[in-house]
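Below: the structure, in structure tokens.
No lab work stands behind these numbers, since they all come straight from the coordinates. Small disclaimer: the values here were computed from a predicted structure and weren't measured. For neighbour counting, all protein chains shown are included, and Cβ atoms are generated from backbone atoms with ideal geometry for every residue, glycine included.
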Amino acid sequence: MKTKLSSEYKAAIAESLSDIRKRMRDANGKGQEVTLLCATKTVPVEVINYATQELGITDIGENRVQELLSKYDELEKENVNVHFIGSLQTNKVKYIIDKVCMIHSVDSLKLAAEIDRQAKKHNKVMDILVEINIGEEENKGGIAPSELEGFLEKLTAFENIRVRGLMTIAPFWCEKSDYQKYFTKTYQFFIDILPKKIHNIYKPVLSMGMSDSFETAIECGSTLVRLGTVVFGRREYK
């Protein structure tokens, strides 16, 4: 069943995005180009298409393979970049390899190898971000900071993946006052790897910052923020 969007809800999304864009500009003291990616987990296709076709959103991200597949055919995809931003199992790579422009959460050689293998089948080079576990939390995905450089060097063996940069999620227990510490630390790793030209990274991407932390992330150098709740609200639609 299609979701009918009320004029009030359309106006609310438009107002939210206008406010977010202003807040992003105000936070951008470094003057970097920052991409606003709308995280569309649980968001109906009609809402996504409204945001992309009428409100200027160019980048969307899905967290779950099955949800992405269920929406994909109905998405308006012209001039829209579809990203995969969630944890990805190796056996699910084949389902999305031809549907997304970037995979944000690569944190193992096994996953990288499977992305490379599936990308080769489609004669494409898949852009990826390496996830760094900046808080070194147990039971959380991401490469430990101490292992990052070695991991990046190993990825050069794969011909059909292209490392574009890093992604991180602040520790789950993190207080808002701690965001700056972790984002600054991630930014330092990011700028440290660029001069080494391990991958000759084109338009490097540093993906950090979500609805409750995007301003701090931008202040610390993020070039891509992943925003869901602050754009779409509690995601209950009439």
_Peptides ranked, highest mean first, by Cβ atoms within 10 Å: ranges 81-89, 20-28, 181-189, 217-225_ = 217-225, 81-89, 181-189, 20-28
_Kirkwood Rh and Cα Rg combined as Rg/Rh, segment 57-139_ = 0.97
*When only alpha-carbon atoms count, how far does the chain stretch along each of its three principal axes, as whole angstroms with the largest first?*
52, 43, 32
*Can you give me the P(r) profile for segment 104-238? Cα pairs, bins 5 angstrom wide beginning at 0, each as a whole percent.*
2, 10, 20, 21, 18, 13, 9, 5, 2, 0, 0
_Helix-only estimate, please: 222 nm mean residue ellipticity of the chain, summing -39500 (n - 2.57) across DSSP H runs of length 4 or more and dividing by its residues, to the nearest 500._
-11000 deg cm²/dmol
*Which values of log₁₀ I(q)/I(0), to two decimal places, follow from the Debye formula for segment 33-72 at q = 0.14, 0.19, 0.29 Å⁻¹ with a uniform point scatterer at every Cα?*
-0.29, -0.52, -1.04
*asked:* Below 8 Å, C-alpha to C-alpha, sequence gap of six or more: please give me the relative contact order for the chain in percent.
replied: 21 percent
_Between segment 136-196 and segment 29-60, the alpha-carbon center distance in angstrom_ = 24 Å
